[in-house]
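The values are calculated or read from the model by the stated rules, or taken from the named source; none is laboratory data. None of the values given here were measured: they were computed from a predicted structure. Don't worry about glycine lacking a Cβ; one is built from the backbone with ideal geometry, like all the others, and counts go over all protein chains shown. Calculation scope for accessible area: heavy atoms of the full protein, side chains included, ligands and nucleic acids excluded. Shrake-Rupley method; radii C 1.70, N 1.55, O 1.52, S 1.80 Å.
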Amino acid sequence: MSFTITSLGGYIHEYQKSILNPAQFWEQIAEEFFWRKRWDVALSHDFSEPRVEWFRGGKLNIVENCLDRHLFTRGDQPAIIFEPNNGTGATPEPSRTLTYRQLHSEVCRASHALARLGVQQGDRVAIYLPLIPEAIIAMLACARLGAVHSVVFGGFSPQALRERTNDCGARVLITADGAYRGEKEVALKAAADEALRGCPLVTDVLVVKRTGAEVPMMKGGPKDRRDHWWHEALASSEPTHEAVATDAEDMLFVLYTSGSTGKPKGVVHTVGGYMVYTAYTFKNVFQCRSGHGSGSSIERDIFWCTADVGWITGHSYVTYGPLLAGSTILIYEGIPTYPDPGRYWEIIDKHHVTHFYTAPTAIRALQALGNEHIEPYHLSSLRVLGSVGEPLNEDAWHWYHHHIGKERCPVVDTWWQTETGGIMIAPLAGITPTKPAHVTLPLPGVQPVIVDTNGTELVGNSVEGNLCIRFPWPGILRTTFGDHERCRQSYFSQYPGLYFTGDGAKRDENGYIRILGRVDDVINVSGHRLGTAEIENAINEHPKVLESAVVGYPHPIKGEGIYAYAIVDLTDRSADNLVREIKETVVRIIGPIARPEVVILVPGLPKTRSGKIMRRILRSLAAGDASNFGDTSTLINPEIVEQIVAAVGSMSQP
Ligand code: WTA
């Protein structure tokens with residue numbers, strides 16, 4: 001693709017072009033894709049509503065751009081290399097490769113299978129799968145029909161799956177009999193069945209056979225059969241399929257993410273802008289070479305992003321970005337430490353991975369397990385290392401650069417969000433000089449501004465404040481599903497005319513950006529966003545809990561850990577049992593990622609006259625600092641602070 005930047009001068013030139021005339025800049029990028037009909041208007045927007053439309057009037061199918069477009073040039077090149085959980089040791093399951101042509105056939109078959117279940121353009125389909133090729137095939141099969149996928153991370157609880165499925169009104173669910181995770185076999189179908197007991201709209205379920213576990217295939221519902229085997233449905237389908245032409249601004253997917261208030265919201269991305277933005281950012285940030293035809297002398301890189309497709313990173317840089325660019329992706333079903341902490345490095349050597357993109361949590365966890373797990377491996381195929389999801393602290397940055405990248409590979413620390421669709425601020429690999437713990441410079445088309453709490457822009461270098469974006473880029477969210485006002489309130493109301501990210505940031509003396517973390521009530525645990533209100537609601541489901549407050553605290557591996565304070569009724573429970581039950585309640589309602597590290601039973605919570613919990617105090621205490629709570633004169637119950645300090649002291653937990 002001709003929009004790849006190759007030098008720092010080139011970056012500066014492109015950046016300037018993108019600011020002077022954003023619409024024209026993105027039009028030139030969009031020209032590189034296959035459109036059934038060209039757009040009428042490149043950009044039309046009003047940030048205050050918000051209303052953003054890119055490439056209005058354009059007709060296209062994103063899957064035609066991911067797959068069909070590549071069939072002549074790279075049909076026999078690998079699109080997906082699948083490394084199973086149990087891919088090493090005495091009786092490994094072999095890894096599996098799907099070429100572009102094979103992936104195309106599978107997606108076509110799956111599109112037919114969905115269409116036979118009545119799925120039409122605009123319908124929502126929920127996907128609850130492990131990280132196996134079928135997850136990608138399922139997403140693309142929806143998109144090929146113009147249907148909207150809503151992927152729910154396989155680690156989420158039945159209740160979380162139910163809420164998301166109902167919120168987007170999905171009629172069909174795609175799941176699997178089970179999933180492998182390290183030593184464990186996860187009963188995914190059982191979890192899906194439990195969720196579906198509360199999903200009256202779901203009439204059909206496609207079940208991928210992964211573990212071979214015995215699962216009930218249900219009858220009932222408005223049709224005589226609710227559950228269908230995926231492999232049977234695909235086997236009886238044609239390997240070619242006429243892709244549906246969608247409008248550029250038609251919905252591509254809904255992805256639920258946590259905010260500071262209420263339930264998770266369904267972030268909506270649309271087809272045209274998301275396509276252009278993910279492909280552009282993928283090419284430029286990672287500088288991934290896609291080969292060209294068989295026997296070509298152009299190198300073909302192997303891109304491994306460790307994210308699950310249940311997160312935005314798995315949408316943009318497992319599925320869409322790399323396939324749009326014709327690259328080869330590797331996906332791995334298992335966990336970093338199974339069967340031992342050398343597993344990632346073993347996979348890199350086994351498949352000659354050139355690009356490795358992961359989260360700081362994984363980097364810190366592997367660092368903590370010791371360098372002896374790296375020593376058996378060469379890691380000589382690696383060219384580029386990436387990081388995403390939370391701040392990559394200096395120590396972890398240096399370890400990653402030195403021990404994994406052997407000081408040969410640029411580390412691209414990429415800042416972005418579910419809502420931004422693709423990478424916003426990051427070095428371009430090998431082009432932008434890097435600096436530990438800094439995400440460096442904005443990509444072309446991205447206009448970051450740092451504001452103070454009044455919304456005044458802090459211009460120049462050496463400033464610190466809240467990070468906003470001034471102008472629409474093609475990957476920006478368009479709405480939150482079913483509730484546009486919530487989208488406006490959450491992102492566009494704090495600072496009029498700006499998109500507010502929820503992150504604090506600093507511009508250093510050279511203009512490099514450093515992300516300081518969330519400034520709202522969102523906790524980032526191992527790179528996963530959780531709203532404090534969401535966790536509090538889950539804790540409050542326990543019948544013995546009267547009230548709770550949740551804050552984040554610095555955690556050496558996870559970045560942030562969850563620290564909960566709960567006012568409880570202890571009449572017929574021991575404190576230890578209740579703490580355990582509270583943690584289990586959160587796991588049941590949200591999933592294991594939301595399990596609180598610490599639960600402190602307290603007699604009350606510090607509140608202001610207006611009834612607001614003064615979280616600042618709870619945060620300092622959770623961080624181990626009981627010496628400085630700042631001004632507490634507005635509390636109605638200042639005496640409670642001492643009592644909470646005492647409770648924390650008496651209840652220290654691992
Ligand atoms: C945080 C993940 C520091 C940030 C793609 C953001 C980061 C939230 C970085 C979005 C980074 C993401 N450095 N912080 N490189 N990347 N974040 O929606 O707080 O799961 O707002 O998207 O993760 O998380 P989300």
At 7 Å along Cα-to-Cβ for each site, give me the label-to-label distance between Glu541 and Arg573 in nm. 1.4
Note the per residue figure in Å³ for the convex hull of the C-alpha positions in segment 560-602. 66
Taking every DSSP bridge whose two residues both lie in segment 305-455, the antiparallel percent to the nearest 5 is 20
quick note, the chain, DSSP beta bridge pairs, % antiparallel (nearest 5) is 60
Separation of the Arg609 and Asn454 label points, Cα + 7 Å toward Cβ, nm: 2.4
Heavy-atom accessible area per residue of segment 162-265, all protein chains kept, 1.4 Å probe, expressed in Å², is 45
Once the piece of chain linking Asp508 and Glu485 is laid out straight, how much longer is it, given 0.36 nm per residue of separation minus the C-alpha distance between them? 4.8 nm
Determine ³J(HN,Hα), in whole Hz, for all residues of segment 635-643 in sequence, where each value follows from phi through the Karplus function 6.51 cos²θ - 1.76 cosθ + 1.60 and θ = phi - 60°; x replaces Gly and Pro. 6, 7, 10, x, 5, 5, 4, 4, 5
Please list, in chain and number order, the residues 5+ apart from Arg181 or on another chain whose amide H is under 5 Å from its amide H, with Hs placed from the backbone. Val186
Share of pairwise Cα separations in segment 160-242, more than 23 Å, in percent: 26
Over segment 309-373, with every protein chain in place, what whole percent of the accessible area is carbon and sulfur at 1.4 Å, could you tell me? 59
Scalar couplings 3J(HN,Hα) for segment 90-101 by Karplus 6.51 cos²θ - 1.76 cosθ + 1.60 (θ = phi - 60°), nearest whole Hz, x for Gly and Pro, are 5, 10, x, 7, x, 6, 10, 10, 10, 6, 4, 5
Mean separation of Cα contacts under 8 Å (at least 6 apart) over the residue count of segment 335-447, i.e. the relative contact order in percent, is 21
Average accessible area per residue (Å²) across segment 301-394 - probe 1.4 Å, nucleic acids and ligands excluded: 26
Would you mind checking Lys189/Lys583; Lys263/Lys612; Lys37/Lys265; Lys189/Lys544; Lys350/Lys406 for any pair whose Cα atoms are more than 27 angstrom apart? Lys37/Lys265; Lys189/Lys544
Taking H placed 1.01 Å from N in the peptide plane, check which residues at least 5 places from Asp503 or on another chain put their amide H under 5 Å from its amide H. Leu467, Val519
Could you tell me whether segment 253-340 comes out rounded, prolate or oblate from its Cα gyration tensor? Rule is a ≥ b ≥ c as square roots of the eigenvalues, rounded for a/c under 1.5, then prolate if a/b exceeds b/c, otherwise oblate. oblate
FRET efficiency for Leu20 and Asn461 from the Cβ-Cβ distance with R0 = 22 Å, rounded to 0.05, comes out at 0.50
Place the peptides 243-253, 60-70 in order of packing, highest mean first, counting for every residue the other Cβ atoms within 10 Å and averaging per peptide. 60-70, 243-253
Average accessible surface area per residue within segment 513-654, 1.4 Å rolling probe, Å²: 45
Calculated FRET value between Gln120 and Arg470, using beta carbons and R₀ = 51 Å, to 0.05: 0.85
For segment 462-533, just say rounded, prolate or oblate: build the C-alpha gyration tensor, square-root its eigenvalues into a ≥ b ≥ c, call rounded for a/c under 1.5, and beyond that prolate if a/b exceeds b/c, oblate if not. oblate
When the distances between all Cα atoms of segment 498-647 are binned every 10 Å from zero, what whole-number percent does each bin get? 11, 37, 35, 14, 3, 1, 0
Just the number, please: carbon plus sulfur as a percent of the accessible area of segment 170-295, 1.4 Å probe, no ligands or DNA/RNA counted. 51
On the formula 1/(1 + (r/R0)^6), with r taken between the Cβ atoms of Asp46 and Asn628 and R0 of 41 Å, the FRET efficiency rounded to 0.05 is 0.40
Take every Cα pair under 8 Å in the chain that's 6+ residues apart, average their separations, divide by the length, and report that relative contact order as a whole percent. 12
At 7 Å along Cα-to-Cβ for each site, give me the label-to-label distance between Ser236 and Glu214 in nm. 2.6
Taking alpha-carbon centroids only, segment 110-137 lies from segment 400-463 a number of Å equal to 35
With all protein chains present, how much of the accessible area of segment 380-420 (probe radius 1.4 Å) comes from carbon and sulfur, to the nearest whole percent? 51
Calculate the radius of gyration of the Cα atoms of the chain to one decimal place, then report Dmax, the largest Cα-Cα distance, as a whole number, both in Å. 24.4, 76
